[in-house]
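These notes are about the structure you will find just below.
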Amino acid sequence: MGKTTEILKFTTQDGEEIQFPVATVTGDQPGPHVVITAGIHGAEYPGIVSAIRIYQELEPKNVHGKVTVVTISSVKAYESRSMFVCPVDGKNPNRFFPGSQKGTYTEVMVNCLFENVISKGDYHLDIHGGDMVEKLEPFSLYHTGAGEDIDKKSKELALYYGLPNLISTSTEGTWPDKGANYANSAEHGIPAVITEVGGIGLLKKDDVEMHLKGMRNVLRYVGVLDEEPKKPEGIVEYDNFVWLYTPVKGLFICDIEIGDELKKGQTVGHMEDFFGEELAEIKAPVDGKVLFLTSSPAMKEQGLIMGIGETA
């Protein structure tokens, strides 16, 4: 019972140090163990700060069970302000779970995180905040295919978190979620969800508060906190998450905005070369809503433009 903070340390086979700042609240009463991870991407600040704030506000006398918070899961990415990837090996941690002790730095890092922290929990919330070139509408993702019970509980975590857009994903889906933190947890029998609020490298009070509101409500729902949870209304659900990429490198000149409703075949922008000549017109591949959008025009070949929640 009580509150503790520590820096968990591990070492790769090459002698590189891995650190995780971990804060734990152990309640005065028995209950479930909820693991919260933030900073899988080190420049997603609303997720990181909201994870710190939930630890600060929780008190053991009000907690049933335990809440373990990893405030920054990719410390080296945080320290270098690295977008999406770990700067040591250039890999995106959210593509390599459960990792490997014999892999590269990122693979060892996520393996240590999963085996020593996440796998100990009964529920898992992976908190994100939109990276430095991501504009987004708040949304949650949950994995399907882990079994009826785990799928159902994961969806309920997402619903009670209360973000306005909810997408189910799978290993073989339009956007395959294999290797993602939340999907890996679900496949190991731990109901899990990823939540996205924020974007373009900004730390806004409203974004932090939206995350905190969601975390508090989930903690009520699973029984960590006494208050009755509120089941949010008006959440729009999508069965497919479609990512759109550029066919060539150059500048992407965007014609749409975040949150826009698209029609299949609608022009969303075009690619130009470095002298302003049009190279390709980019069209929406499906009907749906723009849930995230790359805010930078700088694109390599197969550069990620946007993510669309596909509507039937």
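The values are calculated or read from the model by the stated rules, or taken from the named source; none is laboratory data. What you see is a predicted model; the values in this text were computed from it and never measured. Using ideal geometry, Cβ is built from the backbone for each residue, glycine included, and neighbour counts are taken over all protein chains shown. These accessible areas exclude ligands, DNA and RNA; they are computed on the full protein's heavy atoms, side chains included. Shrake-Rupley method; radii C 1.70, N 1.55, O 1.52, S 1.80 Å.
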Can you find a residue in segment 234-256 that is without any contact (Cβ under 8 Å) to a residue 12 or more places away in the chain and farther than 11 Å from Lys289 by Cα?
-> no
Output the residues belonging to segment 27-69 that are under 16 Å from Asp122 (Cβ atoms) and open to solvent by less than 20 Å² (accessible area, probe 1.4 Å).
-> Gly27, Val34, Val35, Ile36, Thr37, Val63, Gly65, Val67, Thr68, Val69
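Assess whether Met215 counts as being modelled with pLDDT of 95 or more, farther than 17 Å from Pro32 by Cα, within 15 Å of the chain's Cα centre (by Cα) and in a helix (DSSP H, G or I). Before the answer, list the steps.
Values: modelled with pLDDT of 95 or more: yes; farther than 17 Å from Pro32 by Cα: no; within 15 Å of the chain's Cα centre (by Cα): yes; in a helix (DSSP H, G or I): yes.
For Met215, the condition - modelled with pLDDT of 95 or more, farther than 17 Å from Pro32 by Cα, within 15 Å of the chain's Cα centre (by Cα) and in a helix (DSSP H, G or I) - is not met.
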Search segment 1-22 for residues that are in a strand (DSSP E or B) and pair each with any residue that is open to solvent by 70 Å² or more (accessible area, probe 1.4 Å) and not polar (S, T, N, Q) when their beta-carbon atoms are under 6 Å apart and the residues are at least 6 apart or on different chains.
-> Thr11/Glu17; Gln19/Ile7; Gln19/Lys9; Pro21/Ile7; Val22/Glu6
Is at least one residue of segment 231-253 touching a Gly at 6+ places or on another chain (Cβ under 6 Å) and within 26 Å of Val117 (Cβ to Cβ)?
-> no
State which residue is farthest from the chain's Cα centre (by Cα) when the search covers only segment 80-128 and only residues that are under 16 Å from Gly42 (Cβ atoms) and β-branched (Val, Ile, Thr).
-> Val88
Please go through segment 238-255 and pick out each residue that is in a loop (DSSP other than H, G, I, E, B) and under 19 Å from Trp175 (Cβ atoms).
-> Asp239, Thr246, Pro247
Report the residue count in segment 109-167 for those that are more than 16 Å from His188 (Cβ to Cβ) and either of a type in the set (A, V, I, L, M) or in contact with a Cys (Cβ under 6 Å, 6 or more places away or on another chain) (or both).
-> 11
Within segment 229-247, residues farther than 20 Å from Glu261 by Cβ and of a type in the set (Ser, Thr, Tyr) come out as Tyr245, Thr246
